[in-house]
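Undergrad: Structure in structure tokens, see below.
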Amino acid sequence: MKIAIIGSGYVGLVTGTCFAHLGHAVLCVDNNKDKLRLLKQGKSPIYEPGLEQMIRENVKEGRLKFTASIAEAVRKCELLFISVNTPPKENGEADLSFIENVSQEIARNLKSYRLIIEKSTVPVQTGEWIYKTIRARAKHSLFDVASNPEFLREGSAVHDFLKPDRIVIGVSSARAEKLLRKLYEPLKAPLVVTSLASAGLIKHASNSFLATKISFVNMLARICDAAGADIEQVARGMGLDPRIGASFLKAGIGFGGFCFPKDLSAFLKMSERLGMRFDLLQEVLDINESQKQYFVRKIEQAVWNLRGKKVGVLGLAFKADTDDMRFAPSIDIIAALQKEDVKIQAYDPQAVSNARKVLSGVRFVKNPYEAARGVDALLVLTEWSEFLTLDFKRIRKTMNRALMLDGRNLYNPADMKRLGFEYHSVGRSVPAQLA
Ligand code: UDX
Ligand code: UDX
């Protein structure tokens, strides 16, 4: 099938590349010239495991092409996915102006039947708005609008695309359903066929529910700290109940990224507009905000006087295996420390170039050992697996004080104690016999 992906960012680029990998002819559209230049050379503008190689292979095979022209996409492709970003407005609502612009451009170029598929996370009525926008400007009504939310996690997006738990398609015509069934048939995944509104809600509800689990477990972790219990044990004891499930019960410094924080705010606003107060979601967001400050207080208590101290940071990205810094908890934690005049030296395996754009006054270093050198405390803010196998003796020796605060519960407290660190994590007390 001939497919265009309009908006080739974290979501669009993975989607387009994976469709090409499945054998389709894909045209990825983007208005960012720098991105297009890199892509045309077979280079990925983002770090996503497995993606760059897949881009290179599919470009070479002639199945994956790039352009800045929506007109070309509408002319050549029957399926048009929209995956431009929907940034948050100041009041928390999603800004849909990129989607509107793209819809208008599609309308101006519409000559024969096209299926327009909304992939960005958007309020329920957006599909209808896209339809109305195109209908008002196009010369004919030979088109359908469908909704096909993505559930890709950054860091494992290629795997998630090729091995999905489910595929949700919101459609309003048999023709649209037939095309999308055919498109996804090779993935052999459970297909949930719904109305457009239900498809959008499935995405909002899924993200909100997952974020709720995280805030729930983070609050529990604080209770564990106060009660002398261990959140890992509590989460395991809960998670083995299949009605609860073990995933997304990892306590830490709160969720970040370009989905949970902004999608929750947008869902909250959307519910309000529909006349409903979804206060639970506000609480989830509030707990998430205060979780970062909770960790800052832990640092403060352990270091004592923060003013003038030097702190090392391991990991900046909002999660491991990505270079994405959008809404990364590290941003707020570092800002709170800098307010106290703390000097920061930080290492991240992939996110430094994005981090430079959002963090100022930070000294970026080339490896974890440099991050630890001469510091009064070392923080773990992203759970990169390379941090599991560090030479901790070497690290301890170079630190000014062997104090480690692990915001991702990456290490075993007893091991850290044995290695000579004063070690603090989130919701885990050191066993009494070792304390
Ligand atoms: C996506 C979804 O689309 C968003 O709704 C979801 O909630 C989060 O994930 P993402 O892929 O992470 O966004 O965003 P980004 O990496 O910023 O990609 C958007 C791309 O669209 C960018 O490459 C940008 O250059 C491009 N774009 C944006 C256009 O081509 N045209 C526009 O008018 C606007
Ligand atoms: C999320 C959804 O998982 C995905 O389905 C959707 O399409 C986009 O949003 P993503 O934001 O890429 O994906 O990553 P995810 O793995 O969900 O992590 C989000 C944040 O939650 C990260 O900051 C992560 O560190 C945090 N998290 C996740 C926890 O703090 N604890 C957990 O148990 C799980």
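Undergrad: Free of Cβ contacts under 8 Å to residues at least 60 places away in the same chain, within 20 Å of MET1 (Cβ to Cβ) and not in a helix (DSSP H, G or I), is that true of ASP144?
TA: So ASP144 passes the test.
Undergrad: Another question, then. For region 232-274, which residues satisfy the criterion of being more than 11 Å from ligand 2 (Cβ to nearest atom) and of a type in the set (A, V, I, L, M)?
TA: Correct list: VAL234, MET238, LEU240, ILE244, ALA266, LEU268, MET270, LEU274.
Undergrad: So which residues in region 364-390 are open to solvent by less than 40 Å² (accessible area, probe 1.4 Å) and of a type in the set (D, E, K, R)?
TA: ASP376, the sole residue that qualifies.
Undergrad: Answer yes or no as to whether ASP321 is open to solvent by 20 Å² or more (accessible area, probe 1.4 Å), in contact with a Ser or Thr (Cβ under 8 Å, 6 or more places away or on another chain), of a type outside the set (A, V, I, L, M, F, W, C) and within 16 Å of ligand 2 (Cβ to nearest atom).
TA: So ASP321 fits the description; yes.
Undergrad: Right, something else. Return the residues of region 206-215 that are touching a helix residue (DSSP H, G or I) at 6+ places or on another chain (Cβ under 8 Å), of a type in the set (Gly, Ala, Ser) and within 14 Å of ligand 1 (Cβ to nearest atom); say none if nothing qualifies.
TA: SER208, ALA211 - these are the residues of region 206-215 that are touching a helix residue (DSSP H, G or I) at 6+ places or on another chain (Cβ under 8 Å), of a type in the set (Gly, Ala, Ser) and within 14 Å of ligand 1 (Cβ to nearest atom).
Undergrad: Suppose we filter region 250-271 for residues that are assigned to a helix (DSSP H, G or I) and more than 10 Å from ligand 1 (Cβ to nearest atom); how many remain?
TA: Residues of region 250-271 assigned to a helix (DSSP H, G or I): 260-271.
Checking which are more than 10 Å from ligand 1 (Cβ to nearest atom) leaves us with 261, 264-265, 267-271.
Final tally of qualifying residues: 8.
Undergrad: Next question. Within region 290-326, track down each residue that is under 14 Å from THR382 (Cβ atoms), more than 16 Å from ligand 1 (Cβ to nearest atom) and small (Gly, Ala, Ser).
TA: GLY312, GLY315, ALA320
Undergrad: Just to be sure I understand, how many residues within region 132-146 are of a type in the set (Gly, Ala, Ser) and either open to solvent by less than 10 Å² (accessible area, probe 1.4 Å) or more than 12 Å from LYS111 (Cα to Cα) (or both)?
TA: Total satisfying the criteria: 2.
Undergrad: Could you tell me which of the residues VAL124, VAL145, VAL158 is at pLDDT below 95 and within 24 Å of SER206 (Cβ to Cβ)?
TA: Answer to the check: VAL124.
Undergrad: Somewhere in region 389-404, is a residue within 28 Å of the chain's Cα centre (by Cα) and touching a residue at least 24 places away in the same chain (Cβ under 8 Å)?
TA: Yes, some residue in region 389-404 is within 28 Å of the chain's Cα centre (by Cα) and touching a residue at least 24 places away in the same chain (Cβ under 8 Å).
Undergrad: For region 329-349, which residues satisfy the criterion of being under 20 Å from TRP304 (Cα atoms) and of a type in the set (A, V, I, L, M, F, W, C)?
TA: Within region 329-349, ILE333, ILE334, ALA335, ALA336, LEU337, VAL342, ILE344 qualify.
Residue-wise test of (1) open to solvent by less than 50 Å² (accessible area, probe 1.4 Å); (2) under 30 Å from ARG137 (Cβ atoms); (3) in contact (Cβ under 8 Å) with a residue 60 or more places away in the chain.
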{"site": "ALA4", "(1), (2), (3)": "yes, yes, yes"}
{"site": "LEU13", "(1), (2), (3)": "yes, yes, no"}
{"site": "CYS18", "(1), (2), (3)": "yes, no, yes"}
{"site": "LYS43", "(1), (2), (3)": "no, no, no"}
{"site": "GLU52", "(1), (2), (3)": "no, no, no"}
{"site": "LEU64", "(1), (2), (3)": "yes, yes, no"}
{"site": "ILE70", "(1), (2), (3)": "yes, yes, yes"}
{"site": "ILE82", "(1), (2), (3)": "yes, yes, yes"}
{"site": "PRO88", "(1), (2), (3)": "no, yes, yes"}
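Undergrad: Hey, another quick one. Inside region 147-158, can you point out the residues that are within 12 Å of the chain's Cα centre (by Cα), open to solvent by 10 Å² or more (accessible area, probe 1.4 Å) and of a type outside the set (Phe, Trp, Tyr)?
TA: Within region 147-158, the subset within 12 Å of the chain's Cα centre (by Cα) is 150-157.
Still in the running and open to solvent by 10 Å² or more (accessible area, probe 1.4 Å): 150-156.
GLU150, LEU152, ARG153, GLU154, GLY155, SER156, listed by residue number.
Undergrad: Just to check your reading of the model, which residue among ALA266, ALA229, ALA246 is open to solvent by 40 Å² or more (accessible area, probe 1.4 Å), more than 21 Å from LEU381 (Cβ to Cβ) and either in the same structural domain as THR382 (by TED's automatic domain parsing) or touching a residue at least 24 places away in the same chain (Cβ under 8 Å) (or both)?
TA: Just one listed residue meets the conditions, ALA246.
Undergrad: Given the conditions (1) open to solvent by less than 20 Å² (accessible area, probe 1.4 Å); (2) under 23 Å from LYS182 (Cα atoms); (3) touching a residue at least 40 places away in the same chain (Cβ under 8 Å), which single one is not true for VAL26?
TA: So the condition that VAL26 fails would be (3).
The values are calculated or read from the model by the stated rules, or taken from the named source; none is laboratory data. Note that this is a predicted model, so its numbers are computed, not measured. Reconstructed Cβ throughout: ideal geometry from the backbone, glycine too, with neighbour counts over all protein chains shown. With ligands, DNA and RNA removed, areas are computed over all heavy atoms of the protein, side chains included. Shrake-Rupley method; radii C 1.70, N 1.55, O 1.52, S 1.80 Å.
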